[in-house]
1. Does residue 22 satisfy the criteria of being surrounded by 10 or more Cβ atoms within 10 Å (Cβ to Cβ), in a helix (DSSP H, G or I) and at pLDDT below 80?
2. Quick one: which residue in 45, 69, 14 is surrounded by 10 or more Cβ atoms within 10 Å (Cβ to Cβ) and either of a type outside the set (S, T, N, Q) or modelled with pLDDT under 75 (or both)?
Amino acid sequence: MKHVLRLGTKYKEFLIYGVSMALVLLLLKVMEAHFIVFNYRLDFFIGAIAIVFTVLGVWLALKLVKPKFVTQIVEKEVYIDSHERPEIDQKEITELGISKRELDVLNLMAQGLSNDEIAGKLFISLNTVKTHSSNIFVKLNVKRRTQAVEKAKRLKIIN
């Protein structure tokens, strides 16, 4: 330790000179960066805008080029004896816990009415129709109106 202290005192002028030169170089670099930023700030601004619009363009292009799913409508014919309409299974309705109003909404869905039309026919709000629809989907364990109608017909909940 004493040796290091002696070395520091022996070369004290060199250390001060080296540190002062490093500080001067640092000051010059800061001034150079300051000069570049102020003289070329318009270029930096234009470059930043170019980068933003490039990223936006790439994102938009990916959204537009992304393949969209094609919806296919499949119609199935169901033959029912005209003399014999299937009986509605009240036991199944009770087991699933479907209310009278939900059953009304389900029947109107089966007729192909929209939520607005169902709300108008039943004299209820659109939000109430959506709530009943959601409850029907949960109780029948389906995700779409068409699935709900198909499953309800299969379970003989609706005609």
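1. no
2. Details: 69 fails: surrounded by 10 or more Cβ atoms within 10 Å (Cβ to Cβ); 14 fails: surrounded by 10 or more Cβ atoms within 10 Å (Cβ to Cβ).
Only one candidate passes the filter, namely 45.
The values are calculated or read from the model by the stated rules, or taken from the named source; none is laboratory data. If you're wondering where the values come from, they're calculated on a predicted model, not measured in any experiment. For neighbour counting, all protein chains shown are included, and Cβ atoms are generated from backbone atoms with ideal geometry for every residue, glycine included.
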